[in-house]
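Notes follow once the structure below has been shown.
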Amino acid sequence: FGDALFTATSATCVTGLVLHDTALYWSPFGQLVILLLIQVGGMGVVTIAVAIFMFAGKRIGLKQRWVMQESISAPRVGGIIRMTGFILRTALAIEALGALLLAARFCPQFGLWKGLWYAVFHAVSAFCNAGFDILSFIPGNSSLSAFNGDPLVTLTISMLIIIGSTGFVVFQDIYRKKVSTRLHRQHVEKLSFHAQVCLRASLTLLVFGTVMLFILEYNNTYRDLNFFEKLNAAFFQSVNTRTAGFASVSIKQETDGAKLLTSFLMFIGGCPGSTAGGI
């Protein structure tokens, strides 16, 4: 029971910490429970609760709206219910697209149904910045190291992590800007200060992390990789420091400098109102 409680807590809080190998220890039912907990934790318990109220047709009072605003770091209470619907639709659409891209690689390799299951699980885990994986049954594989030279897998996982760690508030702001500009062609709507800070800081941290990890690990964990694979590995590791937790190389074998840099980037983490942790 203690192991189950720890794993359930880790999944709900999308930390990715495990006591047992997720692929080998848990049954398909156990993995499904973990996946659902990751989804609830990534979307936010409050968001899921408000969504249930919405689907049930129940009235959502001012107190619930205020809690929802605090939960997702929304700029105002007004329009919070519409934003909840936007969050749900956007998250499911992005996860579905990510799963389809991963299925293009996993289905030919593992078969249709297993390939689809692996694709869905890792798409949700990546978007929610959870870091749980169920591919450790592959000989010599740790996390996603077996796909280090596969851009379809690594870039898809990376994009899901980046989108999830950027936050729903930012993407709603981008959507609002696009719609407003289309309706009023003479007036270009500006992104909010929150969105500008999130996008600029995220881009800066991603580039900085990629360059530094590329330099620090060039002749260490990346030594057997070609130039493209080294750059891809550095980018993937930099993305995962947003608190996602996947790895394409052995973190244990990294230099102390790379570990310190990773700790620094994980401390910063993702944006407010996103699926990522950090400050």
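The values are calculated or read from the model by the stated rules, or taken from the named source; none is laboratory data. Just so it is clear, the model here is predicted, and its values are computed rather than measured. Glycine also receives a Cβ, built like all others from the backbone with ideal geometry; neighbour counts cover every protein chain displayed. With ligands, DNA and RNA removed, areas are computed over all heavy atoms of the protein, side chains included. Shrake-Rupley method; radii C 1.70, N 1.55, O 1.52, S 1.80 Å.
Using Rg and Dmax of the Cα atoms in Å as the read-out, say which of (1) 18.2, 57; (2) 19.4, 62; (3) 20.3, 80 was calculated from these coordinates.
Here Rg and Dmax of the Cα atoms in Å agrees with entry (2).
Taking only pairs that are 8 or more places apart or on different chains, how many Lys pairs in segment 149-279 have Cα atoms under 21 angstrom apart? Numbers along the way, then the final one.
Working: Lys177/Lys190; Lys178/Lys190; Lys230/Lys252; Lys230/Lys259.
Within segment 149-279, the lysine pair count is 4.
Suppose all protein chains stay in the model; what accessible area per residue would a 1.4 Å probe give for the chain, in Å²?
On the way: 14390 Å² over 279 residues.
Ligands and nucleic acids excluded, the figure is 52 Å² per residue.
Show the residues, 5+ positions off or on another chain, whose built amide H is closer than 5 Å to the amide H of Gly277.
Gly270
What's the magnitude of the charge dipole for the chain around its Cα centre, counting Lys and Arg as +1 and Asp and Glu as -1 at the beta-carbon? Answer in Debye, nearest 20.
Working: 21 positive and 13 negative charges, 293 e Å.
Using Cβ point charges on Lys, Arg, Asp and Glu, the chain gives about 1400 debye.
Listed highest first by mean packing, meaning other Cβ atoms within 10 Å per residue, what order do 138-147, 160-169 come in? Mind showing how you got there, number by number?
On the way: 138-147: 15.8, 160-169: 25.3.
Top of the packing list down: 160-169, 138-147.
Picking from Leu213, Ala276, Phe246, whose Cα lies most toward the positive end of the charge dipole for segment 213-279 (charges on Cβ: Lys, Arg +1; Asp, Glu -1)?
Ala276
With a Förster radius of 30 Å, plug the Cβ-Cβ distance of Leu203 and Ile251 into 1/(1 + (r/R0)^6) and report the FRET value to the nearest 0.05.
Details: r = 24 Å, r/R0 = 0.80.
Efficiency computed from Cβ-Cβ geometry: 0.80.
Just want the answer: with Cβ charges of +1 for Lys and Arg and -1 for Asp and Glu, which residue in Ala91, Gln39, Trp26 is farthest toward the dipole's positive end in the chain?
Most positive-ward Cα: Ala91.
By a straight-distance test (C-alpha under 16 Å), which aspartates and glutamates pair with Lys58 as possible cross-link partners, with residues fewer than eight away in the same chain excluded?
In chain and number order, there are no partners.
Consider a paramagnetic label point 7 Å from the Cα of Ile48 along Cα→Cβ; state which residues of segment 118-135 have an amide N under 19 Å from it.
Answer for segment 118-135: 120-133.
Seen from all sides and averaged, what is the projected area of the convex hull of the Cα atoms in segment 128-279, in nm²? Could the numbers behind the result be given before it?
On the way: hull surface 39.5 nm².
Reported value for the Cα convex hull: 9.9 nm².
Could you tally the net charge around Met212, taking each other residue with its Cβ under 14 Å from the Cβ of Met212, Lys/Arg +1 and Asp/Glu -1? Each step should come with its number before you reach the end.
Working: positive: Lys230, Lys259; negative: Glu217, Glu254, Asp256.
With Lys, Arg at +1 and Asp, Glu at -1, the neighbours total -1.
Can you tell me the 0 to 90 degree angle between the C-alpha axis of helix 80-110 and the longest principal axis of the chain, rounded to 10?
With both axes taken from Cα atoms, the answer is about 20 degrees.
Counting Lys and Arg as +1 and Asp and Glu as -1, what is the net charge of the other residues whose Cβ lies under 13 Å from the Cβ of Val18? Intermediate results must be reported in sequence, preceding the final value.
On the way: positive: none; negative: Asp3, Asp21, Asp133.
Around Val18, the surrounding residues sum to -3.
Listed highest first by mean packing, meaning other Cβ atoms within 10 Å per residue, what order do 54-60, 21-27, 247-253 come in?
On the way: 54-60: 9.6, 21-27: 14.1, 247-253: 17.3.
Ranking, from highest mean packing down: 247-253, 21-27, 54-60.
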